[in-house]
Structure formats: C-alpha cells, structure tokens
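The values are calculated or read from the model by the stated rules, or taken from the named source; none is laboratory data. Computed from a predicted structure; not experimentally measured. Cβ coordinates were reconstructed from backbone atoms using ideal geometry, including for glycine residues, and neighbour counts include every protein chain displayed.
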Amino acid sequence: MILYGYGPLLWAGAKATIALAVLSLAVSVLLGLMGASAKLSRHAALRGIATAYTTLIRSVPDLVLMLLLFYSIQIAVNNLTDAFGWDQFDIDPFTAGVLTLGFIYGAYFTETFRGAFLAVPRGQLEAGSAYGMSGMRVFARILFPQMMRFALPGIGNNWQVLVKATALVSIIGLADVVKAAQDAGKSTFNMFFFILIAALIYLVITSASNVVLMALERRYSTGVRHAEL
C-alpha cells in the first residue's frame, strides 16, 4: 500500500490542520480589526497599546512566541487552580494553537487592515454621514467593501503564511498533519516520504486557497472593473 496504512492518520491530521488554520484566521481577523481601529483611534493610549502589540509580535520569531504563549498560559492556569485548590487542568493543544496563532497573526492583520482603512477616501465616509447614515451603516455600506478590495492581497498573503505556521503547533502536541507524518515516518523508517506527503498536503491547501482568494478579489473589485470598462 502506498501510504503503508497511514492514510487515515494523515487525513485526520490534514483535517486538524485545516480546522486550526480557519479558526486561527477568525481570531486573527477579529484582533486585526480591533488593532487597526485602535491604531487609527484618536486616543493615544489605544494607539500606544496597539503599536506595542504589533511591534512585539512582529519582532519575535513565531516559534519563540508559540512556546512563550503556550507555557505562560499553562502556568497561569496552574497558578489559578493551585490558588483555589482545584484539580490541575491541562490546556488542549488545539485550543492553545488557535489562540496563540490567532494572537500572533492578529498583529499582521492589524497592519493589513490599517493600510486598507487609510486607502479608502475620507470624503466618501463623510458623505455617508452627511447623507444620514449611522456609523455602522457607513462601515457596512461604504468602508468595509472598499477596505476589503485594498486588504485582500495582504489577507491572502497572511493566510498563506498562517497555514504554513500551523506546522509549529506540532511541537506542543497537536496531532496535525506534520505530527502524523512524523509518526508515520518513524514507524516505517521512511521519514522523507511522509514529510514529502505532508508538504504536498500543504501545497494542496494553499493552492485551493488561491482559487478562493482570486474569487474574492474579483467579487470586491466588481465596481472598479466595471468603471474601467
């Protein structure tokens, strides 16, 4: 058999990797929108916190941050359970992976969204307010659609990097595709073959992602393309 009977293990690892990436993306986008709003805020304290966040995260390697965040969260939980006399609680590697990757890549999405917000003409937002639109309606009808057009290239790049970064979570015990490939390779003494399979799985995920991202870029560029025609 081509995969030596480890096909189900690799398939389970691939599903865990995709789920991890998608949920981490959701957390990253949420933090990115909050961070971009803070960096563009009139309040100096919010700008300072957001700037410190993006500077710190983008200056420290992802692997180091992954270990620091994972172990710091576990230590905090252990201290809490000890203080209240509760049973020890070990953080699930999947949950820890989602939170740490989301926190790390939220900094990159912050800069992506900040640049996209600034690219939207201010006059259009003022015109929406003058027309009587509420702040939420201006955001939904004017700011968000145009912001997405400018942000999508950066979102696509961040997503591709995020997908590859999911491999780091295997070091904290998550049974992702990398961990599955390593286990299969060790059992069969054919490590190169299974690591190559893992690489191909990542290639399939990122290639499929490119198709979706190109469709989104066409969707949010519809008005611009029609105007150019």
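Observations
- Taking segment 64-90 as the range and being outside any helix (DSSP H, G or I) and within 19 Å of T100 (Cβ to Cβ) as the test, the residues that pass are F89, D90.
- Put simply, of G128, G115 the only residue that is under 24 Å from the mean Cα position of the chain (by Cα), surrounded by 13 or more Cβ atoms within 10 Å (Cβ to Cβ), more than 21 Å from I171 (Cα to Cα) and without any contact (Cβ under 8 Å) to a residue 40 or more places away in the chain is G115.
- Segment 2-21: number of residues that are at positive phi and without any contact (Cβ under 8 Å) to a residue 24 or more places away in the chain: 1
- Within segment 177-192, if we keep just the residues that are of a type in the set (A, V, I, L, M, F, W, C) and not in a loop (DSSP other than H, G, I, E, B), the residue that is farthest from Y6 (Cα to Cα) turns out to be F192.
- Number of the exception - L174 against (1) more than 16 Å from the chain's Cα centre (by Cα); (2) part of a helix (DSSP H, G or I): (2)
- Residue match in segment 109-123 (condition: part of a helix (DSSP H, G or I) and modelled with pLDDT under 80): yes
- Qualifying positions in segment 31-63 - under 19 Å from L162 (Cα atoms) and either surrounded by fewer than 11 Cβ atoms within 10 Å (Cβ to Cβ) or not aliphatic (A, V, I, L, M) (or both): G32, G35, Y53, T54, T55, R58, S59, P61, D62
- Enumeration of residues in segment 140-166 that are among the hydrophobic types (A, V, I, L, M, F, W, C) and either surrounded by fewer than 18 Cβ atoms within 10 Å (Cβ to Cβ) or closer than 30 Å to G123 by Cα (or both): A140, I142, L143, F144, M147, M148, F150, A151, L152, I155, V161
- None of I155, I201, I142, I205 is in contact (Cβ under 8 Å) with a residue 40 or more places away in the chain, over 17 Å from the mean Cα position of the chain (by Cα) and on the phi < 0 side of the Ramachandran plot except I201.
- Every residue from segment 40-57 that is assigned to a helix (DSSP H, G or I) and more than 28 Å from T95 (Cα to Cα): A44, A45, R47, G48
- Considering segment 2-18, the residues that are exposed (fewer than 15 other Cβ atoms within 10 Å of the Cβ) and among the aliphatic types (A, V, I, L, M) include one that is farthest from A198 (Cα to Cα), namely I2.
- Residue in segment 203-219 that is over 29 Å from L31 (Cα atoms) and among the hydroxyl-bearing types (S, T, Y) present: no
- Taken over segment 38-75, the criterion of being touching a Phe, Trp or Tyr at 6+ places or on another chain (Cβ under 8 Å) and in contact (Cβ under 8 Å) with a residue 60 or more places away in the chain is satisfied by L40 alone.
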